[in-house]
Amino acid sequence: MDDSTTSKTKRLAVLIDADNANPKLVEALFREISKYGTANVKRVYGDWTTSQLGGWKGKLHKFSILPIQQFRYTVGKNSTDSALIIDAMDLLYTQNFDGFCIVSSDSDYTRLASRIREAGLVVYGFGERKTPEAFVEACDKFIFTEILNRHDTTLPGTTDSAASTEESAKVNRKLQQLLRDAYEAIADEDGWAHLGPFGSQLNKLSPSFDSRNYGFSKLSGLVKSTHLFDIKTAHNHFVIKLK
């Protein structure tokens, strides 16, 4: 999603499920969030009386994150979900925010994301690649946390095994179809499409789309690598045309 002209003014509420998020990525997480707006609220939810959240405690003051205590009243039940959802709805009703960042790999937040979008606000999801598709698709944009580590440039299915080669081929075919679908939706009568709207359309079609998932820091680099498009520069902007 291309928020280049308005992202800096967006007021965002960042809600983190500590049970389903990696504290080692918190710095990279907020660096990523800063691309979409300002984190006016930063809360992390969990049972802080347990040792499992020890990794988070050192991050709270450094990044000014408010810890929200939620006791585990029943073994095997995740009370964190309910506390985060209730707070999200309270914040939504204040009408003080432009969007929400939900940090979790848990599908229990699928309906919450849908409800926030129904209210006209944008939802950015952050979770691991294992995140259920339902939650991913419920967000306007979903960022896999594996790509937030700048040293992690490993692509899905990039090993020497035959199975991985087959999986990589499937990923490539799916990517090519996605690129074609996005292009056809926005190309002008002459067949050219600007890269900015093209990127926005990609995210509309696939909220988890991100060029970094394929090892490219910029969309232009990914587009060039596919050899699907002719590329030229017009008024300092990239435009593309399907070959």
>> I'm trying to understand the selection: among the residues of the stretch 20-54, which are under 13 Å from the mean Cα position of the chain (by Cα) and either surrounded by fewer than 20 Cβ atoms within 10 Å (Cβ to Cβ) or among the β-branched types (Val, Ile, Thr) (or both)?
In response: Ala28, Phe30, Arg31, Glu32, Ile33, Ser34, Lys35
> Is there a residue in the stretch 206-217 that is of a type outside the set (Phe, Trp, Tyr), assigned to a helix (DSSP H, G or I), in contact with a Ser or Thr (Cβ under 9 Å, 6 or more places away or on another chain) and under 30 Å from Phe126 (Cα atoms)?
Replying inline: yes
> In the stretch 218-242, which residue that is part of a strand (DSSP E or B) and out of contact with any helix residue (DSSP H, G or I) (no Cβ under 8 Å at 6 or more places or on another chain) is surrounded by the most Cβ atoms within 10 Å (Cβ to Cβ)?
Replying inline: Lys241
>> Among (1) surrounded by 15 or more Cβ atoms within 10 Å (Cβ to Cβ); (2) modelled with pLDDT of 95 or more; (3) not in a loop (DSSP other than H, G, I, E, B), there is one condition Thr131 misses while meeting the rest; what is its number?
In response: (3)
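The values are calculated or read from the model by the stated rules, or taken from the named source; none is laboratory data. Since the model is a prediction, treat every value here as computed from it, not as a measurement. Cβ coordinates were reconstructed from backbone atoms using ideal geometry, including for glycine residues, and neighbour counts include every protein chain displayed.
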